[in-house]
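The values are calculated or read from the model by the stated rules, or taken from the named source; none is laboratory data. Only a predicted model underlies this, so the values are computations on that prediction, with no experimental measurement involved. We place every Cβ from the backbone using ideal geometry, glycine too, and count neighbours over all the protein chains shown. The accessibility values were calculated without ligands, DNA or RNA, using every heavy atom of the protein model including side chains. Shrake-Rupley method; radii C 1.70, N 1.55, O 1.52, S 1.80 Å.
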Amino acid sequence: MQKFSKDIAFAILIGTVIYLVVLASFYFTGRFSNGFDLAVIWRRYYENLIFSIILYLANVYMWRFLEKKMGSNFKSIRRLFLGLVANFGISVVGIFISRAIVVVVLHQQDFWKFLVDERPGDYYYSLFVSGIVLILFYGFYYYKYRQETKVKEQKIIAGTASAQFDALKNQLDPHFLFNSLNVLTSLIEEDPIQAQKFTTSLSKVYRYVLEQKNKDLISVDEELAFAKTYVQLLKMRFEDSIVFDIPEHCSNPEAKIIPLSLQLLLENAVKHNIVTSGQPLHIKVFEKEGMLVVSNNLQEKRVVKKSTGVGLQNIRQRYAVLTDRTVRIDKNKNQFKVYLPMLSRQVSVMENQQEYIDEKRYEKAKKRVENIKSFYGNLLAYLIVIPFLAFLNMKTTSFPWVLFPICGWGLGLTFHGLAAYGVNPLWGKRWEERKMRELMDDNKF
């Protein structure tokens, strides 16, 4: 109901503005030379509001219906064409209903006589005004669509940066490092030789992290070799409480996966399951249908910090940056499996994050230049067409209909210029960037 009330209020506002423009045009052309008749002016104002409210509601609800059924993709010619045709058709129906209310209800004319007397010429003026409002309406939503598209593009950039940041942040879980150092401390006292082996394996793990942290993909064989090194650390820590089954090599030497994805999955399996000699944890890595599968028996800890899913989300985000193939998770009462796509070639969208951001900035700058060129083209057309329309208006009729394209097109041209140069006169030049940043930080957007 609140939304409907806002629609009515907006329709009244538009109707009032249009009527004031018409009154101003009548005044400047001398149509009120015999004086003002306030009764007639108010009566026509109320009649104008009937047209405004019905036409506005008809077009708005038709718009919302099409948006629900077809979306609001302005890049789709079919969507734009059907929208214009549907809004034109509903405008004709709205004008007919409005005229019926004014003529039959207010002027108390017989309905059948009203139908017989209807002529196409009775619709020209209303359709003309409705068309101008419709163009402005589409222009506004096109601008809104572009702004939302920009926000989504920026969220993709920020999401990619966030994914790589999370990848680095979670490559070696702080909890794992803390436990590893505790194990090392105890081994130094109990078994110095084992402590030395543990330190060597731990150094290899960190060296691998430093070497691979900026890579998009790595061969499956390299990741398997690293997983074995990482497993040695876990075996020193849990001894016989954990059982690993990891292949030596991949069947396809060219296959690639996300770096450190196995480490995250192995650490998750240990962190979220009971690992004791009485209940050993079995972790198996194998290939299946072009996927590298990490499987473990499910024996979840009863008292454990609620999982945030950061590790799996991290892997999914990094895969999403590089390929359309997705990470799959299968979970039942006894097993937990994660399927990692093995990629046969380098399909990275970027070599590194900075290059990706630079590319997006170049695209943004290119779009800005194209928008400025488009604005100048629009301005040139305006300067050519408007004088011609003014001349045509002067030669054909005394009614200044040329004011409508001058105002309507001029308003659209002004918005076009402001958008092309990134200027917002109400909230300042940097308002757009601040608003986009605010929406990007809003997880509900």
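Which condition does K69 not pass, out of (1) open to solvent by 70 Å² or more (accessible area, probe 1.4 Å); (2) at pLDDT 80 or above, if it passes all the others?
That leaves (2) as the condition not met.
Name every residue in the stretch 211-252 that is closer than 22 Å to R316 by Cα, open to solvent by 80 Å² or more (accessible area, probe 1.4 Å) and not in a helix (DSSP H, G or I), in order of residue number.
Across the stretch 211-252, the qualifying residues are K213, N214, K215.
Kindly indicate which of S201, S130 is part of a helix (DSSP H, G or I), open to solvent by less than 60 Å² (accessible area, probe 1.4 Å), farther than 29 Å from E223 by Cα and at pLDDT 70 or above. Talk me through it step by step, then tell me what you get.
Values: S201 fails: farther than 29 Å from E223 by Cα.
Residue meeting the stated conditions: S130.
Given the criteria crowded, with 23+ Cβ neighbours inside 10 Å and at pLDDT 85 or above, does L281 qualify?
Considered against the rule, which asks whether it is crowded, with 23+ Cβ neighbours inside 10 Å and at pLDDT 85 or above, L281 comes out as no.
Out of the stretch 231-284, which residues are touching a residue at least 60 places away in the same chain (Cβ under 8 Å) and out of contact with any strand residue (DSSP E or B) (no Cβ under 9 Å at 6 or more places or on another chain)?
Q263, L264, E267, K271 - these are the residues of the stretch 231-284 that are touching a residue at least 60 places away in the same chain (Cβ under 8 Å) and out of contact with any strand residue (DSSP E or B) (no Cβ under 9 Å at 6 or more places or on another chain).
Which one of the conditions (1) at pLDDT 80 or above; (2) open to solvent by less than 60 Å² (accessible area, probe 1.4 Å); (3) within 38 Å of the chain's Cα centre (by Cα) does Y45 fail to meet, given that it meets all the rest?
(3)
Taking the condition of being outside any loop (DSSP other than H, G, I, E, B) and out of contact with any Asp or Glu (no Cβ under 9 Å at 6 or more places or on another chain), how many residues in the stretch 102-115 meet it?
Of the residues in the stretch 102-115, 6 are outside any loop (DSSP other than H, G, I, E, B) and out of contact with any Asp or Glu (no Cβ under 9 Å at 6 or more places or on another chain).
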